[in-house]
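The values are calculated or read from the model by the stated rules, or taken from the named source; none is laboratory data. Note that the structure is a prediction, hence the values are computed from the model and not measured. Neighbour counts run over all protein chains shown; Cβ positions are idealised from the backbone, glycine included. Calculation scope for accessible area: heavy atoms of the full protein, side chains included, ligands and nucleic acids excluded. Shrake-Rupley method; radii C 1.70, N 1.55, O 1.52, S 1.80 Å.
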Amino acid sequence: MAGSLRFSLDPNRRAQLRALGLVAPLAIYIGITFLAPLGTMLTRSVYDPVVADVLPETLELLDEWDGNTLPSEAVFSAAAEEIKRAEAERTLGQVAGRVNRVQGGLRSVLTRTARELRGTEQGPWRESMTAIDSAWADPETWHTIQITGERFTTRHYENALDLRRLSDGSLASQPVERRIYLKLFWRTLLVSTVITLLCLLLGYPIAHLIARSPTGRANWLLILVLVPFWTSLLVRTTSWIVLLQTQGVLNDLMVAVGLISEEGRVAMVYNMTGTIVAMTHVLLPFMVLPLYSVMRGIPPTYMHAAASLGATPLQAFLRVYWPQSLPGVGAGGLLVFILAIGFYITPALVGGSDGQLISNMIAYHMQTSLNWGLAAALGGVLLVGVMVLYLLYERLVGVERMGLG
């Protein structure tokens, strides 16, 4: 019966099933290694149930609070019991970390309160808690607990955009000293744009040379372009530290030829200069290869024809060659820009404090501060920016014109 069913299928249907079977392992792999982590990241950026799970009764009573005066004795009582229980269950530290990110200093308030309330079985809780720390007499403390108690929240995205939510629910800019992330986003966009332009400026003539060279010479030139792919990114980046540092090879060479004095050595590493130089070197092949793949398909006779019609070399390039190479320019530019936005290792090693990008701040929150919600929100904003860039490219140029070989 199974055999007759198999052979009774339409040949086109069998071909579709066979193709689906071949694609299925790749689809599963992409789902596990890309889509699932991406979904987890986006979920963490809006879902934070820690405070809501630890202080459920306190938050429920705060829903009836007017927000202007101190909460009722019932709220203090619920908070005291749940703080003591959280300390016993070793979950108070997670709650303290959440509220401290919104209002500095509340970590110590919560831990001190839990310590002082040990063994206390009866109230009045308002007097007891305000005596332990005056922060409990400040309505802003309870606003902070209420804000961090939201299971689904936009708080992390607000922080990622240097915004804060006021007690009346409105949004306002963070104080000047706490405006960090928008500055880093703009710096990342600016640096990525500069690196893309530098790669285009350097890569265009290289790709043209390879495309116009005889086959044997072109192969050797391509090997030279591909050598960075065969070298560890860490090795390439640390090599630039050796070359660019104050006592490095480049400074020694400039001192030797008299361009600068011994006292006038130039700091070219652990700053934005080092970041741009190293990232341009690493990303240059991603510009050269798409350009080369398009240029090798442009017949040289077009330029000869333009010259025979009276065009100068510059006119022939601008009106004949350049328009035909635009798919490669677009593909290389898009590829380099997107890679530069998410670069992490190179800015971390050679950038110093002035050369850090938004990716370094994401890594900091993932590895050091453990504020995964904010790190996910920063990544989400970066993802939206990349998608907007892609849609803009599709609108203006069209992905179907992208030349990748």
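Between Ala19 and Ala74, with labels modelled 7 Å along Cα→Cβ, what's the label distance in nm to one decimal, could you check?
6.5 nm
If you place +1 on the Cβ of every Lys and Arg and -1 on the Cβ of every Asp and Glu, how big does the dipole about the Cα centre of the chain come out, in debye to the nearest 20? Write out the running numbers ahead of the final one.
Details: 31 positive and 30 negative charges, 483 e Å.
Taking the Cα centre of the chain as origin, the dipole is about 2320 debye.
Can you find, among Trp220, Ile260, Val242, the residue sitting farthest towards the positive end of the charge dipole of the chain, where Lys and Arg contribute +1 and Asp and Glu -1 at Cβ?
Comparing the listed Cα positions along the dipole, Trp220 ranks first.
What longest region of the chain stays clear of chymotrypsin sites (Phe, Trp or Tyr not before Pro) that DSSP places outside H, G, I, E and B and that have at most 16 other Cβ atoms within 10 Å?
66-343
Inverting the mean 1/r over all pairs of different Cα atoms, compute the Kirkwood radius of segment 288-352 and quote it in Å. Walk me through the intermediate numbers first.
Details: mean 1/r = 0.0717 Å⁻¹.
By the Kirkwood definition, the hydrodynamic radius is 13.9 Å.
Could you work out the relative contact order of segment 80-186, using alpha carbon pairs under 8 angstrom and six or more residues apart, expressed as a whole percent? Let's see the in-between values first.
Values: 76 pairs, mean separation 19.4, N = 107.
Reported as a whole number, the value is 18 percent.
What are the equivalent ellipsoid semi-axes of segment 165-313, built from the alpha-carbon gyration tensor (square roots of five times its eigenvalues), in whole angstrom, biggest first? It would help to have the intermediate numbers written out before the result.
On the way: eigenvalues 301, 147, 54 Å².
That gives 39, 27, 16 Å for the three semi-axes.
Once R0 is set to 25 Å, what does the formula 1/(1 + (r/R0)^6) return for the Cβ-Cβ distance between Val249 and Asn219, expressed as a FRET efficiency to the nearest 0.05?
Numbers: r = 30 Å, r/R0 = 1.20.
Once the sixth-power term is evaluated, E becomes 0.25.
Taking the Cα-to-Cβ direction at Leu201 and at Leu171 and moving 7 Å from each Cα, how far apart do the two end points lie in nm?
For the pair Leu201/Leu171, the computed spacing is 3.7 nm.
Considering the convex hull of the alpha carbon atoms of the chain, report its projected area averaged over all viewing directions, in nm², one decimal. It would help to have the intermediate numbers written out before the result.
On the way: hull surface 140.7 nm².
Mean orientational projected area (the chain, Cα hull): 35.2 nm².
When only the heavy atoms of the protein chains count and the probe is 1.4 Å, how do Asp138, Asp133, Asp66 rank by accessible area, highest first? Display every interim value, and only then the final one.
Numbers: Asp138 65, Asp133 25, Asp66 95 Å².
Descending order: Asp66, Asp138, Asp133.
Just in segment 107-177: which trypsin sites (Lys or Arg not before Pro) are loop by DSSP and have at most 16 other Cβ atoms within 10 Å?
Working: sites: Arg107, Arg112, Arg115, Arg118, Arg126, Arg151, Arg155, Arg164, Arg165; in loops: Arg118, Arg151.
Qualifying residues, ordered by number: Arg118, Arg151.
Can you give the extra length, in nm with one decimal, that the chain gains between Arg179 and Ala36 once fully stretched, where that is 0.36 nm per residue apart less the Cα-Cα distance?
Going from the current span to full extension adds 48.3 nm.
Can you give the angle from 0 to 90° between the axis of helix 233-244 and the longest principal axis of the chain, with both taken from C-alpha atoms, to the nearest 10?
Once rounded, one gets 80 degrees.
Relative to the longest principal Cα axis of the chain, at what angle does helix 11-30 sit, 0 to 90 degrees, rounded to 10?
60 degrees
Which whole-angstrom value gives the distance between the alpha carbon centres of segment 10-35 and segment 123-162?
Between the Cα centres of segment 10-35 and segment 123-162 lies a distance of 51 Å.
With a cut-off of at most 11 other beta carbons within 10 Å, and DSSP calling the residue loop, which GluC sites (Glu not before Pro) in segment 35-109 qualify? Please list them.
Details: sites: Glu57, Glu60, Glu64, Glu73, Glu81, Glu82, Glu87, Glu89; in loops: Glu64, Glu89.
Of the GluC sites (Glu not before Pro), the ones in loops of segment 35-109 whose Cβ has at most 11 other Cβ atoms within 10 Å are Glu64, Glu89.
Where does the chain land at 222 nm, in deg cm²/dmol rounded to the nearest 500, when only DSSP H runs of n ≥ 4 count, each adding -39500 (n - 2.57), divided by all residues? Walk me through the intermediate numbers first.
Values: 22 runs with 273 residues, N = 405.
After summing the helix terms and dividing by the residues of the chain, the value is -21000 deg cm²/dmol.
Could you work out Rg/(2.2 N^0.38 Å) for segment 49-155, with Rg from alpha carbons only? Before the final figure, lay out each step's value.
Numbers: Rg = 12.4 Å, N = 107, 2.2 N^0.38 = 13.0 Å.
Against the compact-globule rule of thumb, the ratio is 0.95.
What is the calculated FRET efficiency for Thr231 to Leu370, with r their C-beta to C-beta distance and R₀ = 30 Å, to the nearest 0.05? Each step should come with its number before you reach the end.
On the way: r = 34 Å, r/R0 = 1.12.
After rounding, the FRET efficiency stands at 0.35.
Relative contact order of segment 195-351: what whole-number percent is it, with Cα pairs under 8 angstrom and at least 6 residues apart? Mind dumping the intermediate values first?
Details: 164 pairs, mean separation 56.8, N = 157.
Reported relative contact order: 36 percent.
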